[in-house]
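Asker: Take a look at the following structure, please.
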Amino acid sequence: MPTMEVNGINLHYEDVGDGPALLFLHGWGVSGRVWQSCLPGLVRDHRVVTLDWRGCGRSDHPAEGNTIDGVAADVAAVIEKLGIRPTVVGSSIGALFATELALARPDLVSRVVAVDSPGYWPSTGMRETVHDLRRRLVDDRAGTLAGWVPDWFGPKAARELVDWTVRQLLDSGVYIDALFTEVTTYDPRPRLPELTVPITYVHGELDTQIPLEVPRACAAATPGARVHVIAGCGHVPHQEDPRAFTAALRTIAA
């Protein structure tokens, strides 16, 4: 099982294929496995790196460093050790890590693909909901996830996919819950005009967690940004319709 030591912890990653580099960052509490249905169509002509960021999946679950800047710093260290300048594809909060990395270290990133990024929404449209979610995760983690996760998916998703996602979340560390508190004060819009790395916002048409107005507002604030909507999908289009997602990514990262 390949691991890399960065910033005092071990991170699990997989690195397959040759060609232009793609680095995938999963969403809160899951793992790099969420991209697996997209990979066979990409590794034929790309170098594909999937990473379990700190606190998740097969990586270490430390009590410290579970912040947006902390994870972005981990990703920067991984990129430097691998010697690549990838397109960074981030799902949900992973898109925040990708955006912050591109703002702080544009020399390390060739492009950002922000998949159903929460952007400013947790701090403006769902602050109390997020605070309540964190409290309920303490009181009944399994029950809270079982009730919340089905809402991530659109009608295409099989129940087995939802159940598998819940299992991944239960296997990840509890310290990443601190990210929920941080996002209730996070708003990237004032700094997006400074972003020099090309960015495309990919968003599921039926995302009930983050409305389409969010990527559109973020794109409007970002020089040269684009929005690509994937029809019939919710918050995780790469899992719900991997063919459509992979086709979109090929167009974006060409």
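All of the numbers you see were taken from the coordinates with simple rules; none came from a lab. What you see is a predicted model, and the numbers here were worked out from it, not measured in a lab. Virtual Cβ from ideal backbone geometry, glycine too; neighbours counted across all protein chains shown.
Asker: Sorting SER172, SER92, SER110 on the 10 Å Cβ count, fewest up front, what's the list? Before the final figure, lay out the partial values.
Answerer: Numbers: SER172 21, SER92 25, SER110 18.
Lowest to highest Cβ neighbour count: SER110, SER172, SER92.
Asker: May I ask you to sort THR99, THR87 by Cβ crowding, counting other Cβ atoms within 10 Å and putting the fewest first?
Answerer: The most exposed by this proxy come first: THR87, THR99.
Asker: Take the chain, connect every pair of alpha-carbon atoms lying under 10 Å apart with a spring to form a Gaussian network, then pick out the residue of THR67, THR184, THR124 with the largest mean-square fluctuation.
Answerer: Among THR67, THR184, THR124, the largest GNM mean-square fluctuation belongs to THR124.
Asker: Run the quick spin-label model on ALA231 and VAL162: label points 7 Å from Cα toward the beta carbon, then report their separation in nm to one decimal.
Answerer: 2.4 nm
Asker: In addition: In deg cm²/dmol and to the nearest 500, what is the mean residue ellipticity at 222 nm of the chain if only DSSP H runs of at least 4 residues count, each as -39500 (n - 2.57), divided by the residue total?
Answerer: -11000 deg cm²/dmol
Asker: Please report the antiparallel percentage of DSSP beta bridges with both residues in the chain, rounded to the nearest 5.
Answerer: So the antiparallel bridges amount to about 25 percent of the total.
Asker: To continue, here is another question. If you take the square roots of the eigenvalues of the alpha-carbon gyration tensor of the stretch 62-164 and sort them as a ≥ b ≥ c, do you get rounded (a/c under 1.5), prolate (a/b over b/c) or oblate?
Answerer: prolate
Asker: Classify the stretch 147-254 from the C-alpha gyration tensor, please: rounded if a/c falls under 1.5, else prolate or oblate depending on whether a/b exceeds b/c.
Answerer: Numbers: a/c = 2.06, a/b = 1.25, b/c = 1.65.
In terms of gyration-tensor shape, oblate.
Asker: On to the next question. Consider a paramagnetic label point 7 Å from the Cα of ARG134 along Cα→Cβ; state which residues of the stretch 8-28 have an amide N under 20 Å from it.
Answerer: Hits in the stretch 8-28 for ARG134 at 20 Å: 27-28.
Asker: With +1 on each Lys and Arg Cβ and -1 on each Asp and Glu Cβ, how big is the dipole of the chain about its Cα centre, in debye rounded to the nearest 20?
Answerer: For the chain, the charge dipole is close to 500 debye.
Asker: If you build a Gaussian network model of the chain, linking Cα atoms that sit under 10 Å apart, which residue out of VAL214, VAL71, VAL149 swings the most?
Answerer: The residue with the greatest mean-square fluctuation here is VAL149.
Asker: Given ALA225, GLY143, VAL115, which one lies farthest toward the positive end of the charge dipole of the chain, if we put +1 on the Cβ of every Lys and Arg and -1 on the Cβ of every Asp and Glu?
Answerer: Value computed over the given set: ALA225.
Asker: Still on this structure, please answer the following. If you compute volume of the Cα convex hull per residue in Å³ for the structure shown, which of (1) 235; (2) 110; (3) 126 do you land on?
Answerer: The listed entry that was calculated here is (2).
Asker: Something else about it: Within 10 Å of each residue's Cβ, count the other Cβ atoms and sort THR185, THR196 from fewest upward.
Answerer: Listing THR185, THR196 from fewest to most nearby Cβ atoms yields THR185, THR196.
Asker: Among LEU133, LEU101, LEU22, which one moves the most in a GNM of the chain with springs linking Cα atoms closer than 10 Å?
Answerer: Maximum fluctuation in the GNM of the chain, among the listed residues, is at LEU133.
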